[in-house]
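Chemist: This is the structure I have questions about; it appears just below.
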Amino acid sequence: MDTYLIGLDIAKNVFTAHAIDRTGKPLFRKKLSRSELLPFFASVSVSTIAMEACGGAHHWARKFQELGHQTQLLPAQHVKPFLRGQKNDMRDAQAIAEAALMPTMHRVPTKSVEQQTILSLHRLRTGWVEERTALSNRIRGLLAEFGIAIGQGLSVLRNKLPRILQESDLPGLLRTGIERCRLHFLALDAEIAQVERDIQSWHLQHEQSKRLADIPGIGMLTATQVVALIGNGAQFRNGRHFAAWVGLVPRQYSTGGVTRLGRISKRGSIHLRSLLIHGARTVIRWLIQKPEAKTSGRYRWILELLKRMHPNKVAVALANKQARTVWNMLHYNTRYHDPDVLAA
């Protein structure tokens, strides 16, 4: 059977395949258990297997490529318009197959094991940071109920909490509970520090990541996140395309020849966009606090923007510029050159 394309709806235990030929005519539909999946695709003729880019998709894409098949990972939000009627696994697989026929459909590159490993470390760090923030707020709230206020900042909490537990007249049971929270807080500190050391070790072994860290406002976390997400950036046409994918360009709602631009679209990776904007805020804060930096031609445009725009808007504009610089360096395999040095 000349199978051209198979749309595969993946799940934990039950997988649904919808095969079509080169004319789009359905060939077969089949439900497969987890143990039957790889033997089945080892037996069919070489074809293209399309899946939604969701949990486990990159793993299965690598397995199918080892069997000689080609794979396509499609964004789930782009597959949804092809779903007709009520939702079930068979219709999901059919929608995936029909979406994969579209030549303009965006494809997600298959990530390597190394890329997924670094992204997993970033997710672990993000989860622990959020848990630590929630725990610190919980401690502050409980102590506030007993008239004890602690200033802002994690370092303030770390320094003052031991003395508060020793000197305050907190009830014994609450003191014990707060002490357990403090130990959990310190354990989260240790976990975050360890995962950052692991990411730093990977960063120092990869030339692409080290080159990106030369950009002002791009640190180790941002550099490793970018390299793990997009590799050399070949899936993007240019720097603006990458910035739009991150969600740093204005949302557009245009019709009838009238262009309407709004706030940033906030599409793509939330974590990467946050890192880029936080890095841009660091550059702006340094620029404001250091008078000698204001003579730099590199940042003169930022100073002009600060005169007429809110600093948050300026931070997004700088993050957009940094995203384009990142793509150019990855795609053309170049190093960062200080514009002031080049001008001199």
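Chemist: From the cross-link list K290/K313; K25/K63; K31/K266; K63/K266; K30/K87; K111/K321, which pairs have alpha carbons spaced over 28 Å apart? Walk me through the numbers on the way to the answer.
Modeler: Numbers: K290/K313 21 Å; K25/K63 26 Å; K31/K266 37 Å; K63/K266 32 Å; K30/K87 17 Å; K111/K321 26 Å.
Listed pairs above 28 Å: K31/K266; K63/K266.
Chemist: Another question, if that's okay. Which of the helices in the chain meet the span-like rule: DSSP H, Cα axial reach of 18 Å or more, Kyte-Doolittle mean at least -1.0? Don't jump to the answer; show the numbers that get you there.
Modeler: On the way: long enough: 113-144 (46 Å, -0.26); 154-167 (20 Å, -0.14); 172-204 (48 Å, -0.03); 270-289 (28 Å, 0.65); 311-332 (31 Å, -0.21).
Membrane-span-like by this rule: 113-144, 154-167, 172-204, 270-289, 311-332.
Chemist: While we're on this one: Semi-axes, largest first, in whole Å: what does sqrt of 5 times each Cα gyration tensor eigenvalue give for the stretch 114-204?
Modeler: Numbers: eigenvalues 206, 25, 23 Å².
One finds semi-axes of 32, 11, 11 Å for the stretch 114-204.
Chemist: About the Cα centre of the stretch 216-343, how large is the charge dipole given +1 on each Lys and Arg Cβ and -1 on each Asp and Glu Cβ? Please answer in debye to the nearest 20. List each step's numbers first, then the result.
Modeler: On the way: 20 positive and 4 negative charges, 101 e Å.
For the stretch 216-343, the charge dipole is close to 480 debye.
Chemist: Still on this structure: Between R240 and K63, what FRET efficiency follows from the Cβ-Cβ distance if R0 is 35 Å, with the result rounded to 0.05? Mind showing how you got there, number by number?
Modeler: Values: r = 35 Å, r/R0 = 0.99.
E between R240 and K63, to the nearest 0.05, is 0.50.
Chemist: For A42 and Q116, what does the FRET efficiency come to when R0 = 25 Å and r is the distance between their Cβ atoms, rounded to the nearest 0.05? Intermediate results must be reported in sequence, preceding the final value.
Modeler: Working: r = 23 Å, r/R0 = 0.94.
According to the calculation, E is roughly 0.60.
Chemist: Can you give me the convex hull volume of the Cα atoms of the stretch 87-244, divided per residue and expressed in Å³? Each step should come with its number before you reach the end.
Modeler: Details: hull volume 32.3 nm³, N = 158.
Convex hull volume per residue, Cα atoms: 205 Å³.
Chemist: Would you list which lysines come within 21 Å of K160, measuring only between C-alpha atoms, while excluding same-chain residues fewer than 8 positions from it?
Modeler: K160 reaches no qualifying lysines.
Chemist: Taking only the C-alpha atoms, wrap a convex hull around the stretch 168-231 and report its volume per residue in Å³ as a whole number. Don't jump to the answer; show the numbers that get you there.
Modeler: Numbers: hull volume 6.9 nm³, N = 64.
Spread over its residues, the Cα hull of the stretch 168-231 gives 108 Å³ apiece.
Chemist: Quick one: which of 26-37, 272-283 comes out on top by average Cβ neighbours within 10 Å, and what's the full order, highest first?
Modeler: 272-283, 26-37
Chemist: Using a simple spin-label model with points 7 Å from Cα along the Cα→Cβ vector, what separation in nm is obtained for V129 and S274?
Modeler: 0.6 nm
Chemist: Here is a further query. Per the helix-only calculation at 222 nm, which mean residue ellipticity applies to the chain, given -39500 (n - 2.57) for every DSSP H run of n ≥ 4 and division by its residues, nearest 500 deg cm²/dmol?
Modeler: Numbers: 14 runs with 196 residues, N = 344.
Value at 222 nm, helices only, nearest 500: -18500 deg cm²/dmol.
Chemist: Could you tell me the largest-minus-smallest coordinate of the C-alpha atoms of the stretch 50-150 on each of the three principal axes, in descending order and whole angstroms?
Modeler: 64, 37, 23
Chemist: About the Cα centre of the chain, how large is the charge dipole given +1 on each Lys and Arg Cβ and -1 on each Asp and Glu Cβ? Please answer in debye to the nearest 20. Provide the component values of the computation, followed by the final result.
Modeler: Details: 49 positive and 26 negative charges, 225 e Å.
In total the dipole reaches around 1080 debye.
Chemist: In addition: Please list, short to long, the whole-number percent of alpha-carbon pairs of the chain in consecutive 10 angstrom bins beginning at zero.
Modeler: Pairs per bin, as whole percents: 5, 18, 22, 23, 18, 10, 3, 0.
Chemist: Grab the Cα-Cα distance for V14 and A190, subtract it from 0.36 nm times how many residues apart they are, and report the gain in nm with one decimal. Let's see the in-between values first.
Modeler: On the way: separation 176, 0.36 × 176 = 63.36 nm, distance 3.96 nm.
Gain on extension, V14 to A190, equals 59.4 nm.
Chemist: If you take the charge dipole of the stretch 5-100 about its Cα centre, with +1 on Lys and Arg Cβ and -1 on Asp and Glu Cβ, which of S47, N88, T23 is farthest toward its positive end?
Modeler: It is N88, whose Cα lies furthest towards the positive end.
Chemist: With the cut-off at 1.5 for a/c, could you classify the stretch 216-343 from its C-alpha gyration tensor as rounded, prolate or oblate?
Modeler: Details: a/c = 1.70, a/b = 1.14, b/c = 1.49.
Oblate shape, in that a/c is at least 1.5 and b/c is the bigger or equal ratio.
Chemist: If you count, for each residue, the other Cβ atoms within 10 Å and average over each peptide, how do 312-324, 45-57, 117-129, 187-199 line up from highest to lowest? It would help to have the intermediate numbers written out before the result.
Modeler: On the way: 312-324: 20.9, 45-57: 18.2, 117-129: 16.5, 187-199: 14.8.
Descending packing order for the listed peptides: 312-324, 45-57, 117-129, 187-199.
Chemist: Would you mind giving the average projected area, over all directions, of the Cα convex hull of the stretch 4-110 in nm² with one decimal? Kindly include the intermediate steps, with their values, before the conclusion.
Modeler: Working: hull surface 24.6 nm².
Computed as one quarter of the Cα hull surface, the answer is 6.1 nm².
Every read-out reported here was derived from the displayed coordinates using simple, explicitly stated rules and does not represent laboratory data. What you are looking at is a predicted structure, and each value in this text was computed from that prediction instead of being measured. Methodologically, a virtual Cβ is constructed for each residue, glycine included, from the backbone with ideal geometry; neighbour enumeration extends over all protein chains shown.
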